[in-house]
Each structure stands twice: as structure tokens, then as C-alpha cells.
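Asker: Let me give you the structure first, and then I'll get to my questions.
The values are calculated or read from the model by the stated rules, or taken from the named source; none is laboratory data. Note that the coordinates shown come from a computational prediction; the quantities given were computed from them, not determined experimentally. All Cβ positions, glycine included, derive from the backbone under ideal geometry; neighbour counts span all protein chains shown.
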Amino acid sequence: MKIHFDRLLSGAQNAKGLAVIIDVYRAYTCTPLLFSLGIKKAILVATPSDAFALKDHDSDIVLIGEVGGIPIEGFDYGNSPSQILNAKPDQFKGKTVVQRTSSGVQGAIAALAAAEEVLLGSYNLAKATARYILSRKPREVSLVAMGWNLQDIAPEDEWCARYLAYLLNAGDYNHLHALREILFHPTTRKFLSGNALHFPAEDPILCLQRDIHDFVLRAKREADMVMVERLT
């Protein structure tokens, strides 16, 4: 198994073999949380207008996402796992969720045009994802750290890629070193500073939890939509 490390939009566009699109803060922490809370399905869209168009056809759809980290006016929730976790326990049961985010969602959509298979990656999903990859035995695996807004390298995504590689028996990993770099980097400080309600301090706590879900999330095209399916 040959493992490629790449990043940002160009990395997703050039993904080879089985691709893992990694977005720790916060898209692919939100998606598995939503499945754990009972959603029926998730749809990934490139733009807010795509999301609103889907809701026009089904008012029961839940819209979740952001542009530049800021919640989208008219959406039900921002891209915040703590906001989702703090909702009523039955808020998502049986629902269809549509997600639009600036990094992770864009990366998955881009990778589908290049890779043979696309998985959604985060610390929460890492061990289950690695177990699935090892069972599939692909010739090539692309670990793509999506970074912030597709423009800036983000240590939480870079270190999550290294953790996945470690779980795939392809490198070392030290979680204390990872936390030292992640916690004191601007991508985390924007949450911990308390200066913006749309960057809750609770989000990094949830995003940096390792291996809390026992399933895998795979993105795939169905007709003209990008669907997320849960694999156990």
C-alpha cells in the first residue's frame, strides 16, 4: 500500500486510489456526530444556493454549514459540533441533512472526480477508517489535509493524516506532540479566545477526541448529488 500525503484543494483534485479527505475543524466531526444522533442521510453541496434549492423541495431538510467559518443566514445550524450536540436529543432523528462547508465538503466533492473511493476523515473517525482501509487493501491511499478555507495549512488536519498513517502501519505518531502544535496554533486559538460566538470554545474539545465512532463515512455520487453513506 503506497500512501500519499497531500493538502488543500489541489491535493483533493489530484487524489489517487482511495482518498481520505480530512477536516478535523469541523465538517467531518459534525457529520459522524449527526449520524450518531440518528440522521437518515447526509448530502454534501458546494454552495449555499444548492442547499436552499434542496430545502425548497423538502422543508424537513436540516441545513448545516458555513462560509469562511461564519454560519450561513437561513441555515439551521452552523458548522459546529457543540451546537449540534447541544440541540434537543431527537432533533436530527430520521432527518436528511445538507452540509456546505468551505474546506472538507469542497474537498470531498473535488476528490470524487479523481479518486477511486472517497472517505471522510477526522480524529473521531480515524481508527474505524484505518480498519476499513486495511480491509480493502488498496494499492494507493491519499491522505488529504484540507486546511483552513482551502488556503492555509492547519495542524489538526496534518496531524490527523499522520495519525491515520500510523494506524495504517506507515509511520510514527505522538499525540502529545500533536496537541502541543494544535492547541497553540491560530486555528485553535480562534476558538479558545472567546471573541466569536461562531467559534465556540467547546468545538476543539469534541474535534480532538480520537476514535469515538465505530463506523466509516464514504462520499459517493448519486445522479447529480453527493451523498454520504455510513459503513459499519
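Asker: Among the numbered criteria (1) buried (at least 18 other Cβ atoms within 10 Å of the Cβ); (2) part of a strand (DSSP E or B); (3) touching a residue at least 40 places away in the same chain (Cβ under 8 Å), which one does Leu63 miss?
Answerer: Unmet condition: (3).
Asker: Here's a follow-up. Do we have Leu119 as closer than 15 Å to Tyr163 by Cβ and either in contact with a strand residue (DSSP E or B) (Cβ under 6 Å, 6 or more places away or on another chain) or not aromatic (Phe, Trp, Tyr) (or both) here?
Answerer: Taking the combined requirement at face value, the residue satisfies it.
Asker: Find all pairs meeting these conditions: Cβ atoms under 6 angstrom apart; at least six residues apart or on different chains; first residue within the range 107-125 and at negative phi and aliphatic (A, V, I, L, M); second residue in a loop (DSSP other than H, G, I, E, B) and crowded, with 19+ Cβ neighbours inside 10 Å.
Answerer: Hits for this filter: Ala111/Ala15; Ala114/Ala15; Ala115/Ala15; Val118/Leu112; Leu125/His213.
Asker: Kindly evaluate Tyr166 against the criterion of being assigned to a helix (DSSP H, G or I), modelled with pLDDT of 95 or more and over 22 Å from Cys30 (Cβ atoms).
Answerer: Yes: the conditions hold for Tyr166.
Asker: Among the residues of the range 18-62, write down those that are of a type in the set (Ser, Thr, Tyr) and under 14 Å from the mean Cα position of the chain (by Cα).
Answerer: Correct list: Tyr25, Tyr28, Thr29, Thr31.
Asker: Does the range 214-228 include one or more residues that are surrounded by fewer than 15 Cβ atoms within 10 Å (Cβ to Cβ), part of a helix (DSSP H, G or I) and at pLDDT 95 or above?
Answerer: The answer is no, given that none of the residues of the range 214-228 is surrounded by fewer than 15 Cβ atoms within 10 Å (Cβ to Cβ), part of a helix (DSSP H, G or I) and at pLDDT 95 or above.
Asker: Under the condition of being more than 22 Å from Asp157 (Cβ to Cβ) and hydrophobic (A, V, I, L, M, F, W, C), which residue from the range 208-230 is nearest to the chain's Cα centre (by Cα)?
Answerer: Checking each candidate, the answer is Met227.
Asker: Does Ile21 satisfy being touching a residue at least 40 places away in the same chain (Cβ under 8 Å), touching a strand residue (DSSP E or B) at 6+ places or on another chain (Cβ under 6 Å) and in a strand (DSSP E or B)?
Answerer: Against the criterion (touching a residue at least 40 places away in the same chain (Cβ under 8 Å), touching a strand residue (DSSP E or B) at 6+ places or on another chain (Cβ under 6 Å) and in a strand (DSSP E or B)), Ile21 qualifies.
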